[in-house]
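The values are calculated or read from the model by the stated rules, or taken from the named source; none is laboratory data. Not measured: the values here are computed from a predicted model. Cβ: placed from backbone, ideal geometry, glycine included. Neighbour counts: every protein chain shown. For accessibility, only protein heavy atoms count, side chains too; no ligands or nucleic acids. Shrake-Rupley method; radii C 1.70, N 1.55, O 1.52, S 1.80 Å.
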Amino acid sequence: MLKNFFKVAFRNLWKNKAFSFINITGLAIGMASAMLLLLWIYDEVSFDRFHEKRDRIYEVWNRAEFSGALHSWSTTPKVLARTLEHDYPEVELAVRVNWSNDLLFSVGEKRIMEPGNIVDSAFLDMFSFPLLKGNPHTALNDMHSIVITEKLAKKFFGIDDPMGKMIKIDNKETFRVTGLAKDPPGNSRFQFEYLIPWSYLDHSNGPDLNWGNNSTKTYVLLKPNASLPSVQKKLLTLKGKYEKEDAKWEMFLYPMNRWRLYSSFNGAGEDGGKIEFVKLSAIIAAFILLIACINFMNLNTARSEKRAKEVGIRKVVGARKGGLIGQFLGESILLSFFAAILAIILVELSLPLFNQVTDKKMFIHFGSFGLWVMIFGFIFITGILAGSYPAFFLSSFQPVKVLKGGFKKVNALVTPRKVLVVLQFSFAIILIICTIIVQQQINHAKDRETGYDKANLVYHFLTGDIAKNYTLIKNDLISSGAASSVTKTSAPLTQAWSDSWGFEWEGKDPNDKTDFDRYSADEDFLKTTGLQLVKGRDMDLRKYITDSSAMILNESALKIMKFKEPIGQLIKDGDAQFHVIGVVKDFILRSPYEPTHPMIIEGGKGWFQTMHIKLSSNYPTSTNLKTAEAIFRKYNPEYPFEYHFVDEEYAKKFEDERRTAVLAAFFSGLTIFISCLGLFGLATYMAETRIKEIGVRKVLGASVTGITFLISKDFLRLVLIAFLIAAPIAWWSMETWLKNYSYRVVIQWWVFALAGGISFIIALLTINYQAIRAAVANPVKSLRSE
């Protein structure tokens, strides 16, 4: 019996090879697309879920009003952690984690720059990063202890045991390896190759007790029976307790299970976040799966007339209804099984590229029992759905009616299959419109004037001895012809590292809490970066000794300060006083999608961590970089020459939107392809049910063009209906998305016309193949009596 079932099933598959190939391929592509999206969704929702104490871990956030609005942010004073442990009995642990730093590691002759964190010693008690060797409770107790990952250990020590080995950092201090940690999983916010105790930072720089310096992340582990509402209430007044002028400044705890997906704030509360894209991806995955199943059903029912005769003959020779149902359902499940195998292969082949686009390290965990349950469950459900029509509908007909062709034809104005095709194309058109508008928004921001000249501009951090030898390096770069100008700055020109609302100037409103971006720059800053001067001059310490206390404003800052004549005005930043020597046009320091912020650029009294180099246009870039590398190695031999092009760093500001555009284009293309298979299935079905009508029309003189138009117009009507449904939905979706951007495009009518035109052309090409095939068929064969 089982042997006969497989023989019949494979015979049907082989007999209709093209049909089987299209059916399996369409379903496989739909399944593969959904799998990729579900892998991405799983990676997002599982972020930091592996920590054993995650239900009690919180991040400390600030909330205060400045620049006329209520803002929330997650950087905190360094003194906060110990204060929380001292003042709040509900707090079991408080841990600080500084920003990721690239430090120079030296072991013998090996020198490597690696990223990692300086953390409080209880970091490994709070977070579940397992140690392969060492005690997590004591590994960071000593000031010169260090925990390294497997990856870093292999780089330095190979297969040797790293425990107890010595590592020199930044050519200054030697640290002893006291712990070997597993490499952090990709779905964690903490990505590090090393952990160094905070006590070393305090020893080097002294403890920072300034409550106004929000420069680190603070995490809290509450005790098991602690009352979160009680702690939250106390935190509201904590800052005011230690800083009286900040009495309205509030702090609050933000739970770990919301860090990744929800931590976007607008005013006092959450305002979405990545969860919106996760929900959208889930909807897309569900629709793609639905479309694939619809195609599977449409293509199966398109062959219903031929299978109807088979049903009639089987029933005449004694087949029971249950046996016929089992046969059809079995064939559908078999097709679904083949499609699932192909889908898994497609996912494995496309995962490297998908990981590259999404910037992740996802993989299929074939050892997961739950994964196989889902796969086989989907195979079974899809097979049942796709085989339900021939199994339960055709098997119920009387043999005489079936063999005479007297089963019900579907020529009604509204049928389930037509509704499903409209649904398919509606979804495809929505994705096409969204893809076009997202790409428009990216191009709109890219075309925005940056306010500086990115060409041939590179920056290098002041690592090692660069700060000490800066003047020598600058002179050699210019005299060698590799650079036309050089300047020191506090941060790269594409990043905002510091801001403050504590500046004071004559005539300032005491209640004014406008937040200014704060930047520091040395002489030749405007010359090197190409910033456009509106009034005054550039910094020049050689000509003007007092330029160490000089300051440059941007136009937005000038509007806030309301100086009629800004040159010579005095502005205080804490205890330091600066005099204004110039005003520059606004330039993009933060996001190209937002308005520029008011900004002050302080002179030599500021802090410096970066140097910008304007490479000479007289020589090729590669030649300039080789010359620069030799100069840096001369004055900073222990550190690698690691430069960054400003234009490349600026391009990274578009990464999130670019990924959205690429994914939208990819899945819209797949949706269109799968939808066309569904349209092809319906066209095949309609051509078969109208074969005698077409034969009669040809006998009566109808042309091939006329018959082709007759068949095509019904389907183009479906695409038109789909467009009318999709256009307002896509407009609403994109208007909602664009509200997140201050600098945005205006949605134009031609986007919808283009998307509709593309859909019509694709649908017409798909339909015409089957329509022309039916139109040119020999009417003698179609009208021949059974």
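Structure values in brief
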item: Tabulated pairs, region 616-636, first under 13 Å from residue 466 (Cβ atoms) and β-branched (Val, Ile, Thr), second open to solvent by 80 Å² or more (accessible area, probe 1.4 Å) and not in a loop (DSSP other than H, G, I, E, B), C-beta under 9 angstrom, 6+ apart or interchain; result: 631/472
item: Given (1) loosely packed, with under 14 Cβ neighbours inside 10 Å; (2) closer than 30 Å to residue 273 by Cα; (3) among the aliphatic types (A, V, I, L, M), number of the condition residue 599 does not satisfy; result: (1)
item: Of residues in region 72-84 being surrounded by 16 or more Cβ atoms within 10 Å (Cβ to Cβ) and assigned to a strand (DSSP E or B), the one modelled with the lowest pLDDT; result: 72
item: Identity of the residue in region 642-690, over 30 Å from residue 492 (Cβ atoms) and open to solvent by 50 Å² or more (accessible area, probe 1.4 Å), that ends up modelled with the lowest pLDDT; result: 673
item: Qualifying residues in region 743-764 (those that are free of Cβ contacts under 8 Å to residues at least 12 places away in the same chain and part of a helix (DSSP H, G or I)) - the one nearest to residue 706 (Cα to Cα); result: 761
item: Qualifying residue in region 726-742 (condition: farther than 28 Å from residue 443 by Cβ and assigned to a loop (DSSP other than H, G, I, E, B)); result: no
item: Boolean, residue 40 is in contact (Cβ under 8 Å) with a residue 12 or more places away in the chain and part of a helix (DSSP H, G or I); result: yes
item: Flag for residue 96 being modelled with pLDDT of 95 or more, surrounded by fewer than 19 Cβ atoms within 10 Å (Cβ to Cβ) and part of a strand (DSSP E or B); result: no
item: Region 208-246: number of residues that are part of a helix (DSSP H, G or I) and closer than 29 Å to residue 143 by Cβ; result: 2
item: Residues of region 550-574 that turn out to be of a type outside the set (Val, Ile, Thr) and more than 42 Å from the chain's Cα centre (by Cα), as a count; result: 7
item: Residue in region 101-117 that is more than 20 Å from residue 192 (Cα to Cα) and in contact with a Leu (Cβ under 7 Å, 6 or more places away or on another chain) present; result: no
item: All positions within region 99-112 that are in a strand (DSSP E or B) and either open to solvent by 60 Å² or more (accessible area, probe 1.4 Å) or closer than 24 Å to residue 49 by Cβ (or both); result: 102, 110, 111
item: Condition met for residue 279 (touching a residue at least 60 places away in the same chain (Cβ under 8 Å), open to solvent by 70 Å² or more (accessible area, probe 1.4 Å) and more than 27 Å from residue 123 (Cβ to Cβ)); result: no
item: Selection within region 478-513 - of a type outside the set (Ser, Thr, Tyr), over 33 Å from the mean Cα position of the chain (by Cα) and not in a strand (DSSP E or B); result: 478, 481, 482, 502, 506, 507, 508, 509, 510, 511, 512, 513
item: Total residues in region 132-180, condition acidic (Asp, Glu) and in contact (Cβ under 8 Å) with a residue 60 or more places away in the chain; result: 1
